[in-house]
1. Can you find, within the range 106-153, the residue that is surrounded by the most Cβ atoms within 10 Å (Cβ to Cβ) among those that are among the hydroxyl-bearing types (S, T, Y) and without any contact (Cβ under 8 Å) to a residue 40 or more places away in the chain?
2. Please return the ranges of helices (runs of 4 or more DSSP H) entirely within the range 402-519 where 2 or more residues are β-branched (V, I, T).
3. Please go through the range 166-182 and pick out each residue that is modelled with pLDDT under 85, outside any helix (DSSP H, G or I) and of a type outside the set (D, E, K, R).
4. Taking only pairs six or more apart or across chains, which ones have beta-carbon atoms under 7 Å, a first residue in the range 286-314 that is outside any strand (DSSP E or B), and a second residue that is buried (at least 16 other Cβ atoms within 10 Å of the Cβ) and of a type in the set (D, E, K, R)?
5. Looking only at the range 372-425, filter to residues that are modelled with pLDDT of 85 or more, among the basic types (K, R) and over 30 Å from N264 (Cα atoms); which one of those is surrounded by the most Cβ atoms within 10 Å (Cβ to Cβ)?
Amino acid sequence: MESNDSQDSHFGDFLRINKAEDIYKQMFKLSLLPIIIHDMEMNIIDVNKAALDEFGYSYEEIRAIKVYDLHSESEIKHSEEVLNVMKQENIVSTETSFRRKDGSEFFAEVTPCKYLLENKPIIHVYIKNITERKHNEEKLFDALEKAKENERLKAAFLANMSHEIRTPLNSVFGFSTLLNEENITDSDKKRYASIIASSSSHLLYLINDLIDISKIDAGQIKVVNTTFELHSVLKSLYSIYHSLLISKNKYDIHLKLNLPGEENYIISDETRLRQILFNLLGNALKFTETGSIEFGYAIEDDNLNFFVKDTGIGIPEDSKESIFNRFEQGRKSIGKIYGGTGLGLAIAKSCVQLLDGKIWFESEVNVGTSFFFKIKYKQGEPVPGNNKTNTNGRIGFNNELILVAEDDEFNYDYLDTLLKGFNLRVVRTITGKDTIKEALSNDDLSLILMDIQMPEKNGLEATEEILKHKPKLPIIAQTAYAFQGDREKCLRAGCVDYISKPIERSELLKLIRKNIYIR
C-alpha cells in the first residue's frame, strides 16, 4: 500500500484546501476575470485582485466607493435603470463601459449573479474587458457602411454616366445621319456639324475625367515642374470660356492678373495647374445661370492664391462636407438637372494636393460660390523663344513630304483631311514593318506621324529602328493612350514630340511646324 508521503509527492504543486467553501474563495481570488461583489445599494463588499488590476485602485480605495463611481459618465446617468435591472428576477449579461482610476475607459461585458447572504441580497458581477472587440465591431460597422455608400455612389455614377454618355452620343449619331439626307441646306449642315463637334467635345471631357481619376487612383500622375508663362495659361482659359459664354448669349467672365511682365513666369506643373482651373471653371459655368464668373490670382506670403468665383446656385450646408467626394454633387438631384460626372472637384482637389497646395471654398445658396486654392510661388526665368507667333497653318510649308503611319482607315482619312490645303504632301503606311521600309527607302521624307499601336511592329519599335539609320528624321508620336509615362516612353524611343488623340488641327500644325526637317 502506498504511503501518504508517496501520495503527496505526486501532488506537490497542488494548493491544499481543507474546507469545501475554500474552493470558492480561491476561485474568487485567483480568477483572471475581474469580480465585484456589491449590495443592492451599490456598496462594494469585496473585489478580487483582477478587479484591482483592471481598475487601478487599492483594495481600501475601491471599498470606499460605490459601483456607480466605476462607470463612465454616460453610464452613471442610467444608474437608476441599472438598479431596477438588478432587482429583476432574471438578470442576463449586458454590455457597459467603465472608468479606471486614471480616467481611461473600457468596454466590458458584465454577468451578474444574485445571492442571499444572511437573508440580504447581494450581486456577484463578472467583468470581461471587450474593448478590442467593440473597436473591431465599430471598424466592421464603418466598413460595411462605407461599402453600402460606395455601392450607392457606384450605382448612381453608372446611371449618371449612362445618361451623360448616351445624350451627346445620341446627338453625334443622329445629326451625323441627318447630314446624309437629301435637300439639306448649307445652314442646316453648319448647325448639325456644330452640334456634332460640341457633343463630341462633351464626350471627350467625360472620358478624360474617367482617365484622370483612374490615373490618380493608380498613382500614375507625377508632378513635372517646368518654367512657363502663367498669364498665357490664364488667358487661354479665359478665351475658351469667354467665347463659349458669348456664343450662348449668357453672362460674362472676368479675368484678374496680378504679376507684371517677366514675373509671371513661374515654376510648377503647367498641366496640373491648367487641369485644376479647367475643372473649377467648368463647375462654375455649369451651375451659374445669371451674373458673372471671375477668376484670377493674387500673391500672398510667397503663395499664388487662385480663385474662381461665380454667382450661381451655391452649395447647401448639408452638402459642404462631401462636395469634394467622387461622384457627389451639391444636391442629390443636381446631376439630373445640370449633368456631369461628379468627378471634377475630386480631380481638382487631388491635383492641388499633388502640388503640395490647399483648396477650400465659400458658398451661399442662391448667392454664389468661391473656390480658392494656393500653391507655392516659384519665379522662373523667361524661356527663349516662348513667345511664338500664332500659327494658322497656311504659311511656312513648302511641299514637304510627311509619312502618316496609321492602321485605322478613319483616323488616316481624318489626318489626311486635316493636312489638306497646307502645302504638304502625305504618304501612308499601315504596319510597323511597312513604316520602317518606307522611311528607310524614301529620302524625301521631312517628318513622320507615328501611330504607337500598329500591327507587326508597334510604333516605338519602328521609331527605334528608323532612327538607327536616319537619326535626324523627326518622328512625332500619335496615340490614343493617355496615361502617365506614355510621353516619356515615346521620347525615350527617340520621338521628338507627342500628341494624343483626338487630334486638333491647330495643335498638329504647331507640332509639324516646330519639328519639320528643313533641308
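The values are calculated or read from the model by the stated rules, or taken from the named source; none is laboratory data. None of these values were measured; they are calculated from a predicted model. Neighbour counts run over all protein chains shown; Cβ positions are idealised from the backbone, glycine included.
1. Going through the qualifying residues, I end up with T111.
2. 432-441, 459-469
3. Within the range 166-182, just N180 meets the criteria.
4. F287/D310; T288/D310
5. That would be R425.
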